[in-house]
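Structure first, commentary second.
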């Protein structure tokens with residue numbers, strides 16, 4: 001177990017974090033200790049809003065398919081989305097692809113070595129840029145992802161509302177002031193490890209924390225009060241029928257528009273409501289079977305998806321888009337072809353169960 005206070009009187013926060021990371025930090029993740037900016041960048045992007053356990057397999061498969069930035073830049077967008085399929089937040093994959101193309105076109109396939117230049121690339125924010133610069137190039141740059149914000153606001157007792165841009169800037173300044181003169185890689189990794197394994201959002205393990213003795217939130221016994229962020233997005237709700245049409249073992253999928261939710265992915269057709277569905281299927285041969293509804297949470301709204309499995313008679317000719325009267329660009333796929341494409345996570349889960 002880690003010590004409950006600083007290693008010695010007068011030690012800095014940074015040295016306490018470094019000492020703890022050396023003894024108790026994570027070792028078993030494939031990107032820890034990595035100095036290849038492509039691999040660090042990929043892990044940082046995948047870990048945004050996604051659990052480590054989910055990312056591990058995707059990270060390995062993605063690297064097997066696109067082993068370096070040149071391979072990713074040269075890949076068709078559909079292949080990148082297919083490799084990302086099921087990981088969610090698909091704008092990350094599109095930014096990843098555009099960024100790789102820009103690194104190849106403008107930097108000869110070499111990532112810039114400073115955080116300011118990295119942050120100008122598509123999809124790389126200030127904290128991700130700092131992580132790449134610190135781990136790969138040793139730059140003294142502060143990171144401030146969600147986990148690190150939680151650690152620092154608790155330790156510092158930083159009670160300003162992070163919904164305010166001014167408070168966000170102040171926290172960045174405080175984070176930069178804490179940077180050590182040496183060992184930035186271990187310090188940065190230590191903060192990440194503390195946020196991921198000790199300074200947890202709901203049940204912080206304060207007895208294991210090397211910063212417990214200096215932590216304002218612990219002294220106040222108000223760990224859950226930090227970080228402060230009052231502005232909350234008002235969540236919306238959507239309800240759609242998801243029409244799964246099957247004919248002779250093939251499935252009809254439509255490509256989603258290039259903007260909006262699930263942009264560019266292949267998807268089962270979505271219908272707004274029961275009335276629209278009734279108008280759609282009234283002349284279809286065959287039979288439809290409702291399947292259990294799917295609840296899917298996105299950043300800004302909760303989505304109820306109601307799958308309807310419609311078996312088009314095998315004796316009938318495969319219908320085209322005109323006969324189906326569906327709005328999007330669509331075509332027939334075998335199950336293997338469909339599952340090789342970029343699919344939204346709930347669609348993939350539904351079709352994978354059918355494939356089994």
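No lab work stands behind these numbers, since they all come straight from the coordinates. In this text, all values refer to a predicted model and were calculated from it rather than measured experimentally. All Cβ positions, even for glycine, are placed from backbone atoms using ideal geometry, and neighbour counts span all protein chains on display.
Table for the structure above
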read-out: Residue 35 versus residue 166: modelled label distance in nm, points set 7 Å from Cα along the beta carbon direction; value: 4.4
read-out: Gained length - residue 106 relative to residue 304, 0.36 nm times residue gap less alpha-carbon distance; value: 67.0 nm
read-out: Relative contact order (%) - criterion: Cα under 8 Å, at least six apart; region: the chain; value: 19
read-out: Shape parameters for segment 64-115, alpha-carbon atoms, Rg then Dmax in Å; value: 11.2, 32
read-out: Column: log10 I(q)/I(0), Debye, Cα scatterers of segment 246-297, q = 0.27, 0.28, 0.31 Å⁻¹; value: -1.29, -1.28, -1.25
read-out: Spatial separation of Cα centroids for segment 157-190 and segment 111-137, in angstrom; value: 16
read-out: nm² value of the averaged projected area, convex hull over the Cα atoms of the chain; value: 20.5
read-out: Inverse of mean 1/r across different Cα pairs in segment 211-258, Kirkwood, Å; value: 16.8
read-out: Modelled FRET efficiency - R0 22 Å, residue 272 with residue 237, Cβ distances, 0.05 increments; value: 0.95
read-out: Cα convex hull volume per residue for segment 197-312 (Å³); value: 183
read-out: Span from the segment 66-84 Cα centroid across to the segment 206-277 one, whole angstrom; value: 24
read-out: Shape of segment 5-64, Cα gyration tensor, a/c cut at 1.5; value: prolate
read-out: Residue-span extension gain [residue 331 to residue 283] - 0.36 nm each, minus C-alpha spacing; value: 15.3 nm
read-out: Taking only Cα atoms of segment 126-283, radius of gyration then Dmax in Å; value: 23.6, 73
read-out: Residues in segment 216-235 that a label on residue 201 would reach, taking backbone N under 12 Å of a point 7 Å out along Cα→Cβ; value: 227
read-out: Relative contact order %, segment 93-186, counting alpha carbon pairs below 8 Å whose residues are six or more apart; value: 22
read-out: Debye-sum result for segment 1-149 in log10 I(q)/I(0), which assumes one identical scatterer on each alpha carbon, at q = 0.12, 0.17 Å⁻¹; value: -0.54, -0.99
read-out: Most mobile of 128, 230, 188 in a GNM of the chain (Cα contacts under 10 Å); value: 230
read-out: Segment 156-245 - convex hull of the alpha-carbon atoms, volume per residue in Å³; value: 192
read-out: Segments 190-199, 270-279 sorted - mean Cβ within 10 Å per residue, highest first; value: 190-199, 270-279
read-out: Most to least packed among 204-217, 20-33 [average Cβ atoms within 10 Å]; value: 204-217, 20-33
read-out: Radius, Kirkwood style, for segment 68-170 when every pair of distinct Cα atoms is counted (Å); value: 15.4
read-out: Percent of beta bridges antiparallel (DSSP, the chain, rounded to nearest 5); value: 65
read-out: Distance cut-off 17 Å, percentage of C-alpha pairs in segment 40-98 lying past it; value: 26
read-out: Computed [θ] at 222 nm, deg cm²/dmol, the chain (DSSP H ≥ 4; -39,500 (n - 2.57); rounded to nearest 500); value: -12500 deg cm²/dmol
read-out: Segment 173-268: relative contact order as a whole-number percent, Cα under 8 Å and 6+ apart; value: 11
